[in-house]
Structures are given as C-alpha cells and as structure tokens.
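Only one structure is covered here, and it is reproduced in the block below.
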Amino acid sequence: MELRNIKASFYFAQQIIPPEHFSTRKYNFQVQNFSFSIYKHASRLLNVTGVKTLKELKVCRKMMEEHFQKEIIRVRIDNTFFVKKNDLRINLAKLYYHLNVYYKEIYVPSYNQELFCGMHLKPTEKAYPTVILFSTGTYIMMGGTSFKTIINAEKFVNRIIKRHS
C-alpha cells in the first residue's frame, strides 16, 4: 500500500497572522508543491495539503516554523490517501453479499455496478478510513487519522480480497 497524500494541521503557540490583517476569511499560499491555508477565525492553525510522505510533513513543519518565526506545538494528521494496485479477479457482487451478512458491524458496503465500477466500504467507526475496492483487487483508502486504524483496515481489506479472489 502506497501513501499518496496527507492533509495535516499545524498548531502554533501564538497567532500566525493577526485577524485584522486578513482581507478575506481565508489566506492561502503555496511553497514548493505544498498548499497552506490560514482561516481568520483560527489564526493559530495552519492547514497543509500536497504532502506525499511523513518525511515531507516534517520538512513542512520546519519550513513553516522558520517562515513564521514561531514554534509549532502540535501536528495533527487530518486525512490520508493510500493506494494499493493488484491484478486479481474479484466478484464484487458475491463480496457485497458476504460483507452484508458477516461484516456489516465493521464496514457498510455500498455497491451498484450501474453507477460506479467499485464498491465503497464505509466504516462504522469514524477513525477508520473509507475504502473503495475494485474488481481487480485494487483499492483506495481515504481518511483515517491514526496509522494503527489504517493498518487494521489494510489487514481487513487484504483478508477479504484473498478470500474472494
């Protein structure tokens, strides 16, 4: 499984930009491939997107501490995006039935092949990522703020793929 994107929040000990310096409700800027946002109502919070690795997240943190000359006291991962490519054959209709019968307390499956070629697996617990599973065994995981829950979700998805391929 490959990490493709991280959205994170940096919390500063002090205001980054005083609210009176905002011309709109939100201030956006870019540095390298990273996008940053500061909201007028939360001027101690800096949102970052476009981060591809945890190493890049550390680089962003250091870059913003130097840029604003202020210390970041907390980093929160708000969202992650993972992809795993496979080349298998899975009968999603059978899998949909199986998940509805045996695993609906973990993930709620949504599958309508006329609307979308993949199956959505929505978690019953917010901490877990949403999964989009395709008939090739390829899957995408979105969300999940804890790497422990992401790893558990990956194990679950790999187990059901192995069982139904």
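The values are calculated or read from the model by the stated rules, or taken from the named source; none is laboratory data. Just so you know, these numbers come straight off a predicted model, no measurement behind them. Positions of Cβ are generated from backbone atoms using ideal geometry, with glycine treated the same way; all protein chains shown enter the neighbour counts. We work out accessible area using only protein heavy atoms, side chains counted, and drop any ligands, DNA or RNA first. Shrake-Rupley method; radii C 1.70, N 1.55, O 1.52, S 1.80 Å.
Residue-wise test of (1) out of contact with any strand residue (DSSP E or B) (no Cβ under 8 Å at 6 or more places or on another chain); (2) over 30 Å from ILE16 (Cα atoms).
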site	(1), (2)
GLU66	yes, no
GLN69	yes, no
VAL83	no, yes
VAL108	no, yes
HIS120	no, yes
THR124	no, yes
THR136	yes, yes
MET142	no, no
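If the condition is being surrounded by fewer than 13 Cβ atoms within 10 Å (Cβ to Cβ) and of a type outside the set (A, V, I, L, M, F, W, C), then region 65-99 contributes GLU66, GLN69, GLU71, ARG74, ARG76, LYS85, ASP87, ARG89, ASN91, LYS94. Contact annotation: residue pairs with Cβ atoms under 9 Å, 6 or more positions apart or on different chains, pairing a residue in region 12-36 that is on the phi > 0 side of the Ramachandran plot with a partner that is assigned to a strand (DSSP E or B), are GLN32/GLY50. Evaluate the following for TYR107: is it without any contact (Cβ under 8 Å) to a residue 60 or more places away in the chain and open to solvent by less than 80 Å² (accessible area, probe 1.4 Å)? Spelling it out, TYR107 is indeed without any contact (Cβ under 8 Å) to a residue 60 or more places away in the chain and open to solvent by less than 80 Å² (accessible area, probe 1.4 Å). All of ILE161, ILE150, ILE132 fail the test of being touching a Gly at 6+ places or on another chain (Cβ under 6 Å), closer than 20 Å to ASN5 by Cα, open to solvent by less than 50 Å² (accessible area, probe 1.4 Å) and part of a helix (DSSP H, G or I), apart from ILE150. Could you grab me the full set of residues in region 4-36 that are more than 30 Å from LYS84 (Cα to Cα), assigned to a loop (DSSP other than H, G, I, E, B) and open to solvent by 70 Å² or more (accessible area, probe 1.4 Å)? Listed by number, the residues that qualify are GLN14, GLN15, SER23, THR24, ARG25.
How many residues does region 37-52 hold that are under 30 Å from ASN152 (Cβ atoms) and open to solvent by less than 80 Å² (accessible area, probe 1.4 Å)? Step through it out loud before you land on a result.
So in region 37-52, the residues under 30 Å from ASN152 (Cβ atoms) come out as 45-52.
Next cut, open to solvent by less than 80 Å² (accessible area, probe 1.4 Å) only: 45-51.
Final tally of qualifying residues: 7.
Per the listing ILE77, ILE17, the residue uniquely under 30 Å from GLY137 (Cα atoms), β-branched (Val, Ile, Thr) and in contact with a strand residue (DSSP E or B) (Cβ under 7 Å, 6 or more places away or on another chain) is ILE77.
So which residues in region 71-104 are of a type outside the set (Lys, Arg) and assigned to a strand (DSSP E or B), if there are any at all?
ILE72, ILE73, VAL75, ILE77, ASP78, ASN79, THR80, PHE81, PHE82, VAL83
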